[in-house]
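Working notes for the structure below.
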Amino acid sequence: MASSLIDGVVAFVFCIYVLANKETLARQIGRLARAWLPKKFTDTTSHIFAVCSDVFRQFIVGQTTEAGILRTLCGIGMEILRIPYVPMVGALVGVTALIPYVGAFPASILGAFMVLTVNPFKALVFIIFLLVLQQVEGNLSYPKVAGAKINLPALWSERKTTLF
Amino acid sequence: MSSIALAIEWLIGLVKPLLIWSMLAMVLSVPMGYIEKHLFRKCSTTRKNKARCPLAILFSLILVIGIFVGVAVLVVPELMGTVSVVISSVTGGLDQIAAFESSADLSAFPFAEQLKKLDIDWLAMKAQLEDWIQKISSTLLDSTASALGDWHPL
């Protein structure tokens, strides 16, 4: 436990240092690579890293936008259907939607349990509502928003969602 | 354990903090870049330009930590309340069943013979349930503490 805590603290401090000096570090690594490695290899590698960094950045932005959309739609839907625990379940859905593949499923299980203690029928309505919402989000909204962010046509994003 | 396995374990231990910080830095660089781009955009003083990067780091840390703390503040009290309501309902229900079984005259009910044969110690079941809940909650607390320790202090 103590060693893990130390690891965590060290990682946190290094992370702050890297973020604070990221331009300088990138410049130094570039100079080092240009000095020691073949030019073609350096150019290709730096291009790959630049593309990866850009795509990852856009993916995070897209995923966050999508989580925000899902959280808003979930909150509005729950208000309309008069399902209890709107702020709590909405916030949980928003955060868990950030996790790729797993999505809002843990939030839906927890939310259904919470609603079940108040009204079992509403819990059933909540599960159906969230399943429909996730299908709509996964097949319509996600390919459009996240696909556009990473320059992937909506059709391929949708196929990726269906396949994986 | 062989020396190769020990060496691998040592290497993993060495690389683990590096992996954690690189992942953290990659995720934090996204909000940081956005904040840095929009912070003091119209100011050209050197002091403000120098302060831009540390402030962007601080704001992105506050943002990420704030999201998780906010969700925890919303979720944990509600969840604890619901779980305690469920536990008290179940244990109260078991108490009521035990009291009913000891006081009521079952011969008046249909299937009275079968009901008499049904020998369930409801109070023992309640005690078992309470014991199980206690074990589950302590395990949950332990695993949460170790997960926090294993992960990072964010």
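The values are calculated or read from the model by the stated rules, or taken from the named source; none is laboratory data. Since the structure is predicted, the reported quantities are computational estimates derived from the model, not experimental observations. Here the Cβ positions follow ideal geometry from the backbone for every residue, glycine too, while neighbour counts run over all protein chains shown.
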Item to complete: Identify all residues within the range A:10-53 that are within 14 Å of another protein chain (Cβ to nearest Cβ) and either touching a Leu at 6+ places or on another chain (Cβ under 8 Å) or farther than 30 Å from B:Phe59 by Cα (or both); write none if there are none.
Response: A:Ala11, A:Phe12, A:Phe14, A:Cys15, A:Val18, A:Leu19
Worksheet item: Within the range B:41-71, how many residues turn out to be farther than 30 Å from A:Gly111 by Cα and either within 11 Å of chain A (Cβ to nearest Cβ) or assigned to a helix (DSSP H, G or I) (or both)?
Response: 14
Discussion item. Quick check on my filter: what residues within the range B:19-40 are surrounded by fewer than 13 Cβ atoms within 10 Å (Cβ to Cβ) and within 11 Å of another protein chain (Cβ to nearest Cβ)?
Written reply: B:Leu19
Discussion item. Regarding the range B:33-44, can at least one residue be identified that is among the aliphatic types (A, V, I, L, M), at pLDDT below 80 and under 23 Å from A:Gln58 (Cβ atoms)?
Written reply: yes
Worksheet item: Does the range B:72-88 include one or more residues that are surrounded by 12 or more Cβ atoms within 10 Å (Cβ to Cβ), assigned to a helix (DSSP H, G or I) and touching a residue at least 12 places away in the same chain (Cβ under 8 Å)?
Response: yes
Fill in: Flag if B:Asp105 is of a type in the set (Asp, Glu) and either under 37 Å from the mean Cα position of the chain (by Cα) or at pLDDT 85 or above (or both)
no
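Report the residue count in the range A:110-130 for those that are loosely packed, with under 13 Cβ neighbours inside 10 Å and within 18 Å of A:Arg71 (Cα to Cα).
As a first pass, look at the range A:110-130 and keep what is loosely packed, with under 13 Cβ neighbours inside 10 Å: A:120-121, A:128.
Right, trim to within 18 Å of A:Arg71 (Cα to Cα) and you get A:128.
Within the range A:110-130, residues that are loosely packed, with under 13 Cβ neighbours inside 10 Å and within 18 Å of A:Arg71 (Cα to Cα) number 1.
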Worksheet, complete the sentence: Per the filter on the range B:89-108, residues surrounded by 11 or more Cβ atoms within 10 Å (Cβ to Cβ) and in a loop (DSSP other than H, G, I, E, B) are B:Ala104
Fill in: Among the candidates A:Leu73, A:Leu124, residue that is away from chain B (no Cβ under 13 Å), in contact (Cβ under 8 Å) with a residue 60 or more places away in the chain and of a type outside the set (Phe, Trp, Tyr)
A:Leu73
Fill in: Any chance A:Cys74 is closer than 30 Å to A:Leu131 by Cβ and not hydroxyl-bearing (Ser, Thr, Tyr)
yes
Discussion item. Restricting to the range A:63-105, name every residue that is buried (at least 21 other Cβ atoms within 10 Å of the Cβ) and in a loop (DSSP other than H, G, I, E, B).
Written reply: A:Ile83, A:Tyr85, A:Ala97, A:Ala104
Practice prompt. Would you check if B:Glu9 is within 13 Å of chain A (Cβ to nearest Cβ) and more than 26 Å from B:Pro54 (Cα to Cα)?
Written response: yes
Response to the item:
Counted residues in the range A:7-36 being exposed (fewer than 11 other Cβ atoms within 10 Å of the Cβ) and at pLDDT below 85 come to 1
Worksheet item: Can A:Thr65 be described as within 14 Å of another protein chain (Cβ to nearest Cβ), in contact (Cβ under 8 Å) with a residue 24 or more places away in the chain and under 25 Å from B:Leu28 (Cα atoms)?
Response: yes
